[in-house]
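The values are calculated or read from the model by the stated rules, or taken from the named source; none is laboratory data. What you see is a predicted model, and the numbers here were worked out from it, not measured in a lab. Backbone-built Cβ (ideal geometry, glycine too); neighbour counts: all protein chains shown.
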């Protein structure tokens, strides 16, 4: 079993560094181009189940990647709720809360790390009960927590797994031990030699 994990393509706020959770932004033109890079790879795989965050940017990435209408909307894959930090840049947040780290501190008026960790654990339990490959389309911070929990680390270890927009990751097993096959994999653009 392989779990193909995709972070949505670029949005205007991901370019400007603003934290986006409940604001339902579309992909930029470049974000759509990046999402289409997944098209030659993903339709060649057979998926027992496809899960997607309810947010537009994740759903649009899935569609552009060529994985049609078979997806199940999974609220557990929604973006970390930033509460009062919604729309702010890291610099603006640090002006209000010096030394802030989402994986440790959570967000005032939003989610605590334990809540996001519990969501990731529910997704993992659901995925592990499926016989066959699974695809997940979601967001940076929830996926960073998910990879940490997949390999048995604390949710705070998600801070060590950087994840670019439009990246392709693959979680798998080494024998029966949960493992990371690919992390933050970027597919070449059509402009670049392969």
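Here are a few things to note about the model shown:
- Hits in region 8-25 - residues which are over 17 Å from residue 77 (Cα atoms) and either in contact with a helix residue (DSSP H, G or I) (Cβ under 7 Å, 6 or more places away or on another chain) or in a loop (DSSP other than H, G, I, E, B) (or both): 10, 11, 17, 18
- Residue list for region 32-58, restricted to those being crowded, with 19+ Cβ neighbours inside 10 Å, modelled with pLDDT of 95 or more and in a helix (DSSP H, G or I): 57, 58
- Out of 97, 78, sole residue that is in contact with a helix residue (DSSP H, G or I) (Cβ under 8 Å, 6 or more places away or on another chain), within 29 Å of residue 154 (Cβ to Cβ) and surrounded by fewer than 19 Cβ atoms within 10 Å (Cβ to Cβ): 97
- Across region 130-178, the number of residues qualifying as under 18 Å from residue 51 (Cα atoms), surrounded by fewer than 14 Cβ atoms within 10 Å (Cβ to Cβ) and in contact with a strand residue (DSSP E or B) (Cβ under 7 Å, 6 or more places away or on another chain) comes to 0.
- Residues that are more than 30 Å from residue 1 (Cα to Cα) and surrounded by fewer than 16 Cβ atoms within 10 Å (Cβ to Cβ), drawn from region 101-129: 101, 104, 105, 108, 109, 112
- Filter result (under 17 Å from residue 164 (Cα atoms) and without any contact (Cβ under 8 Å) to a residue 40 or more places away in the chain) within region 26-68: 26, 27, 28, 29, 30, 32, 36
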